[in-house]
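Following: one structure in structure tokens, then a few remarks.
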Amino acid sequence: MTDQIRTVALISDVFWQEDGGERLLKRLFEAREMGAQVAVIPELAMNPWSPATQVSIDSDAESMAGPRCQLQMEAAREAGIALIGGAILRDPAGRRFNTALVINDAGMVVGQWEKAHIPDEPGFWEADHYDPGRDPLAPIDGLGFPLGVQICSDANRPQGTQLLAAAGAECVLVPRASESATWHRWRPVLIANALTSCCWVATVNRPSPEEGVLLGGPSFAVDPNGEVLVESTDPVCTFSYDARDLEQHRVSYPGYLSVRSDLYASAWSAIPPRR
């Protein structure tokens, strides 16, 4: 991707039903026709929302060679568009991780991120289904430009977004599964993340209630000035940005403030991790 204009599609739909592969492909073609080079689907969009219960089902997880991963890779290749998808990946030791997959338009996985912050409450019994991620945050460059990926509740730890932007990410994309009643709490966090991190931030949600969990809420994108670019419940919507604008954001306030990684790393290292 060499053009400095990035167009991202936010696809609020899930694809775990029998016709899911066909509908995913249709949505990706729709996104490409709208000018998007990258499409983002919700958190674990190829799975039913199994964290509605505390019962972990073995078939919900797979290796990278599994059917959900392969379906997403094939759809991205056939539609000719990059895809931020995901799956519950099982490692060789049998541990499961909620993993975002960055797939290029040739259908190859060029990056991934394991969800780091795992809810454990009614409707979101996620700790019973997968473990917290293990990898440090870093931008993913496999699509020709640096982007960050977080999954749902990861965005409610703003230091993650700030770290990704400080390391060079132009935008941070957040697949999500949250309740519509909590949107008023997500919205200001996402705006603050964009403003304080000096990058574009966008998220897309599972669209409707599942298994008694009142999932839903808008797709959303915000620029480094805190200006909302998209707030929509349409199944497919897009936003665009010019990467050449990023330097101006970084030299204006608060972007030009120093990044005191030395100071914060020292302070954080004195605080034990809280599981």
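The values are calculated or read from the model by the stated rules, or taken from the named source; none is laboratory data. This is a predicted model, so every value here is computed, not measured. Please note: Cβ atoms are built from the backbone with ideal geometry, for glycine as well, and neighbour counts cover all protein chains shown. Ligands, DNA and RNA are stripped out before the accessible areas are found, and what is left, the full protein with its side chains, is counted by its heavy atoms. Shrake-Rupley method; radii C 1.70, N 1.55, O 1.52, S 1.80 Å.
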Q: Place a label point 7 angstrom from the Cα of Glu121 along the Cα-to-Cβ direction, then list the residues of region 182-206 whose backbone nitrogen is under 15 Å away.
A: 182-187
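Taking Rh as the Kirkwood radius computed over C-alpha pairs, what is the Stokes-Einstein D of the chain at 37 °C in a medium of viscosity 0.692 mPa s, expressed in µm² per second?
Rounded to a whole number, D works out at 176 µm²/s.
By DSSP, what percent of the beta bridges with both residues in the chain are antiparallel, rounded to the nearest 5? Present the calculation step by step, with values, prior to reporting the outcome.
Values: 31 of 49 bridges.
Bridges in the chain that DSSP calls antiparallel: roughly 65 percent.
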Q) Sequence-distant or interchain residues sharing an amide H contact under 5 Å with Phe15, placed H: which? A) Met46, Asn47
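Which whole-number value in Å³ per residue fits the convex hull of the alpha carbons of region 211-275?
Details: hull volume 10.4 nm³, N = 65.
Spelled out: Cα convex hull of region 211-275, divided by residues, is 160 Å³.
Hydropathy at least -1.0 by Kyte-Doolittle, axial extent at least 15 angstrom from the Cα trace: which helices of the chain, defined as entire DSSP H runs, fit? Write down the numbers at each step before the final one.
Working: long enough: 20-33 (20 Å, -0.91); 67-79 (18 Å, -0.85); 183-197 (21 Å, -0.05).
Membrane-span-like by this rule: 20-33, 67-79, 183-197.
Percent relative contact order of the chain, based on C-alpha pairs within less than 8 angstrom and at least six residues apart? Walk me through the intermediate numbers first.
On the way: 615 pairs, mean separation 51.2, N = 275.
This gives 19 percent for the chain.
Tell me the carbon and sulfur percent of the accessible area for the chain, rounded to whole percent, probe radius 1.4 Å. Present the calculation step by step, with values, prior to reporting the outcome.
Working: 6600 of 12540 Å².
Looking at the chain in its full context, I get 53 percent from C and S.
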Q | Cα gyration tensor, region 170-271 - rounded (a/c under 1.5), prolate or oblate | A | oblate
Q: Quick one: net charge around Ala166, please, counting Lys, Arg +1 and Asp, Glu -1 for every other residue with C-beta under 12 Å from its C-beta.
A: +2
(Q) Show me, for region 142-154, the HN-Hα J-couplings you get by feeding each phi into the Karplus relation (A = 6.51, B = -1.76, C = 1.60, θ = phi - 60°), rounded to Hz, glycine and proline as x. (A) x, 9, x, 8, x, 10, x, 10, 10, 10, 6, 4, 4
(Q) For the chain, what does the accessible surface come to per residue with a 1.4 Å probe? Please give it in Å². (A) 46 Å²
Q) For region 1-119, what is Rg from Cα atoms divided by 2.2 N^0.38 Å, rounded to two decimals? A) 1.05
**Q.** Backbone HN-Hα couplings from phi across region 97-102 [Karplus 6.51/-1.76/1.60, Hz, Gly and Pro as x]
**A.** 9, 6, 10, 7, 10, 9
Q | Sequence-separation-based contact order of region 46-189, relative, with Cα cut under 8 Å and 6+ spacing, percent | A | 18 percent
Q. If amide H atoms are built 1.01 Å from N in the plane of the peptide, which residues on other chains or at least 5 residues away come under 5 Å of the amide H of Glu210?
A. Leu215
**Q.** Lys, Arg +1 and Asp, Glu -1 on Cβ, resulting dipole of region 129-268 about Cα centre, debye, nearest 20
**A.** 320 debye
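Take the alpha carbon atoms of region 1-71, find their radius of gyration, then divide it by 2.2 N^0.38 Å using N residues; give the quotient.
Values: Rg = 14.5 Å, N = 71, 2.2 N^0.38 = 11.1 Å.
Against the compact-globule rule of thumb, the ratio is 1.31.
Relative contact order, percent, of region 1-83 when contacts are C-alpha pairs under 8 Å separated by at least 6 residues?
On the way: 85 pairs, mean separation 31.5, N = 83.
Taking the mean separation of contacting Cα pairs over the length of region 1-83, I get 38 percent.
So if I place +1 on the C-beta of Lys and Arg and -1 on the C-beta of Asp and Glu, and nothing else carries charge, what would the dipole magnitude of region 194-266 be about its Cα centre? I want it in debye, nearest 20.
On the way: 4 positive and 10 negative charges, 50 e Å.
Here region 194-266 has a charge dipole of around 240 debye.
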Q. Taking the Cβ of Leu214 as the center, what net charge do the other residues with Cβ under 11 Å away carry, scoring Lys and Arg +1 and Asp and Glu -1?
A. -2
Q: Distance between Cα centroids, region 142-179 to region 227-263: provide it in whole Å.
A: 11 Å
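State to the nearest 20 debye the size of the charge dipole of the chain about its Cα centre, where the only charges are +1 on K and R beta carbons and -1 on D and E beta carbons. Don't skip to the answer; put the middle values down first.
Values: 22 positive and 36 negative charges, 134 e Å.
The calculation lands at about 640 debye.
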